[in-house]
Amino acid sequence: MTPVDASRRQFVLTSLSGLGSVWFATRWPAILAAQQQAQAAEPGKFQFFSPEQAANVEAIAAQIIPTTDTPGAREARVVYFIDRVLVTLDKPSQPKYVEGLKDLHSKVQGLFPGAGEFSSLTSDQQIRVLTAIEKTEFFEYVRYHTIVGFLANPEYGGNYKETGWKVIGFESDMHFEPPFGYYDAEENKAQSNDGQI
Amino acid sequence: MMVKFDDNTAVDFLVIGGGGAGAIVAKELSAAGFQVIVLDQGPYLHEEDFRHDELKTKDIWNPPPNIGQPTLVNDHSLQPNTFRKTPNETAKVKPFAQYGRCIGGGTVHFTGNYWRFHEIDFIERSRWGAVEGAGLADWPITYADLEPFYTKAEWDLGVSGLAGASPFDPPRSKPYPLPPMPVKSSGVLLERGARKLGWHPFPAPLAILSQPYRGRAACGHCGFCESFGCEWGAKSSTLATVIPMAEKTGRCEIRPDSYVRKISTDKGGRVDGVIYFDSHKQEHFQKAKSVVVCCNGSETPRLLLMSKSNLFPQGLANSSGLVGKYFMVDQGSMAVGTFEHPMGEYKSVRVTRIVHDFYDSDPKRGFYGGGGMDARFEGYPISFALNGLPPGTPRWGAGFKKTLSENFTRTVNVFSHTTCLPVESNSISLDPGLKDAWGLPATRVTYKTHAEDFKTLEFFTQRSLELLDAAGAIQKWSYPEGDKTAAVHLLGTCRMGNDPKSSVVNKDHRAHDVPNLFIVDGSSFVTSGRNQPTCTIQALAYRAADRMAQAAKNGGIATPA
């Protein structure tokens, strides 16, 4: 959050009526500090994956949530999320990745003899490989981690610049005002028109 | 400022569990002049500890891999359950019972739905008759007995709603203290659909502040209600309301991270204190003149069963053999629909409009059971992506992403909240083999849904689909009703009644067997109501505290020698 955003929110919040404004004025800085989502550091070294493993995991994630007319798992830097959870919140899943990536390599060689890494295949070839393994436990793990990494708070290393949230239409904010969506806006409008008649 | 008692000070009342009920009991008794200690298993969190962080809630529960971190509820890796459907089976390890595990208990993370019981909820046995395979019974109190305490709860804690808006509402002595929350798109759609069907939708009563109230801020509509703690203090949890009031009396100590393993009794069969573990797993003995157990419908019977002794070989307060029996859970169905326009349903409170047209049982339907319905968006980004998409959606690739992107702001869930029959063999007991991280017996859950409850669920699924149709859904679906795999409303396991042979506590929540032991929480329920228990648990807590205070002042509580 930029300082401009922060002061705008401060303004919006302190201009709320009545007791609320006193409450906000005294407590908002603490809330802001607690809520501020530290953006992930610029991607650097992987802590768990080798560069080759990272390229393959990123390529799988980018097929699970592809880049279309909107950004996908690649732009959301999901692979950095997965790398980080494998050394923090989800160490028990490490062997699944080590084994799964080996099996993936065999599957690639089986389907496309002489091909290199999964990450160097064409998109159509990658989809063929993943379709062949989509019932495996390994694929389930990567799918789960990709979805979570796309949509979890950016502080965990994925959802870079709230990419995932923007794709699904989720705004991250501490405060909203009605109307919240189409039908309540429509209803409010209908009621105020009634009032004019 | 907070008073601190010595282990050897026999306080007037020791309350076990500072949640939805216990915090109210503690506040009422300390305000009435008594010394009170609240012991709670969980931590003492505050508004600044609560985060908009979906990884730190229960909603990411997933078969492995699972990286959700339960911060406000019990952690099954430390306190495992075992589960079985019938008493003949050997129970297997399975996370089943979930409860709020912090000061404020489940009211910290609850949705805020705050439905009073109706008059019929207290007298279902005499109105409906017996149901085969169930222990349907009347309560020893009526709606009229509890009404003043419903009103007290609503005004003390802060509840938003519109009195008189529902033709099905029971009589009330006072309106709600606050107007209803602003309607959301889900509420508008529910209203449109319900009116078309001839039903009577009305604003949902919520324990969330629509306006500033008694020094607390109004809801900021941030959207992180269910499963989360409120950073604004606008949700009327006991943490945000009565806990500070209790502390201000100077007579109430809140002692978190204190896990009681046994309630102790003297030679005369009176409670004289409790043994508990502190945060370092060191044991302490805290003396007390009276003990009030307010854990929940699972931990309360577990503690009583763990407190067995020579005088109480079946467990404390269990001469009836009914401690842990008649376990009832949150029953309800869900149907889902998608609509043409984006609704921003992730903002503000979960529920703004509800329907009570099918609340009462109706012999014409051919089975016992009733309930209420609401419309909401049940999801946060991750849980929605994992579990919220229509059946048949591709699980990955461009098709998956397209549906996820379109549906996140266009999905409405219609929930029903229904009766759950009390069945004696459904129970909480101690697992004979498994221990928790403190070496205490793990909770063993036995639960099988009664056939009439399944009929009720199916009935409501059909009504929910009708409602979605009438509201103009472009796609709708439901899920087949199966066996319960988890429960979050834990009820009925120390039922109240007038007869010591068929109940655990009397109508004033005093254990029939132990004169200075009281039990007040969801375990006191005789029947389930319609799966919105918090309001009634809290009204019971106000009433019980009133009775305890009167009895103590009149010398009516026999304390240990």
Cα centroid distance between region B:229-295 and region B:119-178, in Å? 28 Å
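If you count, for every residue in B:173-182, the Cβ atoms of partner chains within 10 Å of its Cβ, what is the mean?
Mean partner-chain Cβ count within 10 Å for B:173-182: 1.
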Describe numerically, in nm with one decimal, the distance between label points set 7 Å from Cα along Cα→Cβ at B:Asn66 and at B:Lys94. 1.3 nm
Amide H of B:Arg261 versus every other amide H placed in the peptide plane: which residues, excluding those fewer than 5 positions away on the same chain, fall under 5 Å? B:Ile275, B:Tyr276, B:Phe277
Could you size up the charge dipole of chain B around its Cα centre, putting +1 on the beta carbon of Lys and Arg and -1 on that of Asp and Glu, and report it in debye to the nearest 20? 140 debye
Roughly how many whole Å is it from the C-alpha centroid of region B:66-98 to that of region B:488-561? 27 Å
Percent relative contact order for chain B, counting Cα pairs under 8 Å at least six residues apart, stands at 23 percent
Computed over region B:203-262, the relative contact order (Cα-Cα under 8 Å, seq sep at least six) in percent reads 24 percent
Apply the a/c threshold of 1.5 to the C-alpha gyration tensor of the protein assembly as shown and tell me whether it is rounded, prolate or oblate. prolate
Taking just the C-alpha trace of region A:51-168, give me its Rg and Dmax in Å. 13.7, 41
Under a point-charge model restricted to the Cβ atoms of Lys and Arg (+1) and Asp and Glu (-1), what is the dipole moment magnitude of the protein assembly as shown relative to its Cα centre, in debye to the nearest 20? 920 debye
Length gain on complete extension for the stretch B:Ala130 to B:Asn387, per 0.36 nm per residue less the alpha carbon to alpha carbon distance? 88.6 nm
Could you give the Stokes-Einstein D for region B:313-380 in µm² per second, using the C-alpha Kirkwood radius, 4 °C, 1.567 mPa s? 79 µm²/s
For A:Asn193 paired with B:Lys308, estimate the spin-label separation in nm (one decimal), with each label point 7 Å from Cα along the Cα-to-Cβ line. 7.1 nm
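Throw me the Rg/Rh for region B:24-137, computed over C-alpha atoms with Kirkwood Rh, two decimals.
On the way: Rg = 19.4 Å, Rh = 18.3 Å.
Across region B:24-137, the Cα-based Rg/Rh ratio is 1.06.
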When the gyration tensor of region B:152-226 is built from Cα positions, what are the square roots of 5 times its three eigenvalues, in whole Å, from largest to smallest? 23, 18, 8
How well do other chains shield peptide B:339-349, expressed as the mean number of their Cβ atoms within 10 Å of each residue Cβ? 6
By what distance, in whole Å, do the Cα atoms of region B:134-185 stretch along each of the three principal axes, largest value first? 41, 27, 19
Residue-ordered couplings for region B:293-301, obtained by feeding phi - 60° into the Karplus form 6.51 cos²θ - 1.76 cosθ + 1.60 and rounding to whole Hz (Gly and Pro as x), are 9, 9, 7, 3, x, 10, 6, 5, x
Can you tell me how region B:234-304 classifies by the Cα gyration tensor, rounded, prolate or oblate, using a/c under 1.5 as the rounded cut? prolate
Across B:381-389, the residue-averaged tally of Cβ atoms belonging to other chains within 10 Å stands at 5
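Report the FRET efficiency, 1/(1 + (r/R0)^6), for A:Thr88 and B:Asn8, where r is their Cβ-Cβ distance and R0 is 45 Å, rounded to 0.05.
0.55
FYI, it's all coordinate maths here, none of it is from the lab. If you're wondering where the values come from, they're calculated on a predicted model, not measured in any experiment. Heads up, the Cβs are rebuilt from the backbone with ideal geometry, glycines too, and the neighbour counts pull from every protein chain shown.
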